[in-house]
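The values are calculated or read from the model by the stated rules, or taken from the named source; none is laboratory data. For clarity, every value in this text was computed on a predicted model and none was experimentally measured. Here the Cβ positions follow ideal geometry from the backbone for every residue, glycine too, while neighbour counts run over all protein chains shown.
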């Protein structure tokens, strides 16, 4: 071991001497186009610097002063926003030496766990990511503590309950969200690196040019999320590998807007390719752009691969690609359920959070040449598929290691807490609540019910309060009892403990052979949730109008959004005392309820 360490040090010392000799030689022949800090100014105007540099002197600031040359870059004709600095060999000699020594030490002293390649899990170093790439973010370190498959064995969908443990205390309320950052698909990242012909392990950081940032805001702020003029997602303090930036920091799946096609056109050497991009980016090409790129959801990497001569510089790419976005999931646990021994505000601080998610499947059907011959392509949602794979890896590790082993590998998830915009429990237990959910829309309501349970216990035992407890109705729409009756036993327990006043569960695709249930409000026949809501319309209307109840709706927008609204409109028309008879009048009252926080929705596409 000592012999190996000595050889590494000697080898690196020789390399360092050669680098110094080379640097001294270069300094003797220094010119105006060489910068002292060895940075590469790869602004889109760099090609014109030499032709317009009238002051042939050795001042290294000439690159910035001569960036005013006119060219045909229209949208891409912008002042330098940031400089990309590449890590030079002398910057990392000592670090590389330490890493190599540590690598030898690990290979000699530590035991490694072989993980099956079938899971196709991206391997990454947690400390490196959070200390380098995520340095400017609010992301926290979470790891999988446990999981549970909620869907039935024969269910067409895979639904998971996931318990995430944070390394630091977190605070949240029922109704809040966990936003998870997942990596890009490694195949897409490799495709881009191969297309750009760059070294994926080259380390870079960006140096923000504050002098020109204001002038660029108007030019770059074209993305809907207004994020193109913000570079907090890019490493600026420490060096990061290009492959990690493409994997974690930027959104490779985004559909390029027309202005970006105009930028790409300026870097095409083939005139035919340039002509196509110019047309697609023009007002005249709007329809073709919509029919091709938008309609087929063509991501930027796929588009770039179709234009072989488009040679985009790295800074232009990083300026124009939006940040990689987190995916948002409702928290399905209450902080009180984990820290129930506390009865003050500190009980809202915890380490564990639960989420409930469905492995999203996206099925595209394309004609393969004939009208009767279609190819069905199955894709998965990026984040849910990654979490599904992480769970499979966690399962594999647990099955091959002692769960009590403190040194066992952990499966990490970068996450942050995002507060909901008003989708929270009322302040008083006396306020009645009406909960309506389908599928994984039950997640925030599980959090509500857990929280309500401990609030009621706290009210009775500690405060000895006689405050009346408001009614709680839960309408839950599933497809089949043996498929997706999520948290069924928990819901029945909540009803038994009077946390839920009345529980209504419906099954829209139920097999009628299974009718064994002691709860009369669980309809085992085939029925949709909106029908059950209308059947209980008078109860719902009176609770809202006479008792100040709040109605909450959560689920897939296409499955629950409009249908529940239509049912509530029918209920208002049937039971109101204001002579409301038309759909428009009833919808107006529904809008008034929403403005008064009596009608809250959390729906998604």
Inset, instruction - Output the number of residues of region 231-249 satisfying the condition of being surrounded by fewer than 21 Cβ atoms within 10 Å (Cβ to Cβ) and not in a loop (DSSP other than H, G, I, E, B). - result: 2
Inset, instruction - Could you please let me know if residue 267 is within 21 Å of the chain's Cα centre (by Cα) and surrounded by 15 or more Cβ atoms within 10 Å (Cβ to Cβ)? - result: no
Inset, instruction - Say whether the condition of being part of a helix (DSSP H, G or I), in contact (Cβ under 8 Å) with a residue 12 or more places away in the chain, more than 30 Å from residue 455 (Cβ to Cβ) and touching a strand residue (DSSP E or B) at 6+ places or on another chain (Cβ under 9 Å) is met by at least one residue in region 328-339. - result: no
Legend entry - Residues satisfying the stated conditions in region 257-272, i.e. touching a helix residue (DSSP H, G or I) at 6+ places or on another chain (Cβ under 8 Å) and either in a helix (DSSP H, G or I) or at pLDDT below 95 (or both): 258, 259, 260, 261, 262, 263, 264, 265
Legend entry - Candidate set from region 568-592 (those that are touching a strand residue (DSSP E or B) at 6+ places or on another chain (Cβ under 9 Å) and either within 17 Å of residue 534 (Cα to Cα) or outside the structural domain of residue 546 (by TED's automatic domain parsing) (or both)); member that is surrounded by the fewest Cβ atoms within 10 Å (Cβ to Cβ): 590
Inset, instruction - Give me the pairs, please: first residue somewhere in region 373-384 and in the same structural domain as residue 413 (by TED's automatic domain parsing), second residue anywhere and in a strand (DSSP E or B) and modelled with pLDDT under 55, beta-carbon distance under 7 Å, and either six or more positions apart or on two chains. - result: 374/365; 374/366; 374/367; 374/368; 375/366; 375/368; 376/365; 377/366
Legend entry - Number of positions in region 181-228 that are surrounded by 16 or more Cβ atoms within 10 Å (Cβ to Cβ), touching a strand residue (DSSP E or B) at 6+ places or on another chain (Cβ under 6 Å) and modelled with pLDDT of 50 or more: 6
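Residues checked against (1) modelled with pLDDT of 95 or more; (2) farther than 30 Å from residue 87 by Cα; (3) in the same structural domain as residue 133 (by TED's automatic domain parsing):
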position: 237; (1), (2), (3): no, no, no
position: 244; (1), (2), (3): no, no, no
position: 253; (1), (2), (3): no, no, no
position: 296; (1), (2), (3): no, yes, no
position: 301; (1), (2), (3): yes, no, no
position: 304; (1), (2), (3): yes, no, no
Legend entry - Hits in region 591-605 (condition: farther than 21 Å from residue 425 by Cβ and either out of contact with any helix residue (DSSP H, G or I) (no Cβ under 9 Å at 6 or more places or on another chain) or assigned to a helix (DSSP H, G or I) (or both)): 591, 592
Inset, instruction - Determine whether region 355-365 contains at least one residue that is outside the structural domain of residue 485 (by TED's automatic domain parsing), out of contact with any strand residue (DSSP E or B) (no Cβ under 7 Å at 6 or more places or on another chain) and either closer than 28 Å to residue 299 by Cα or at pLDDT 70 or above (or both). - result: no
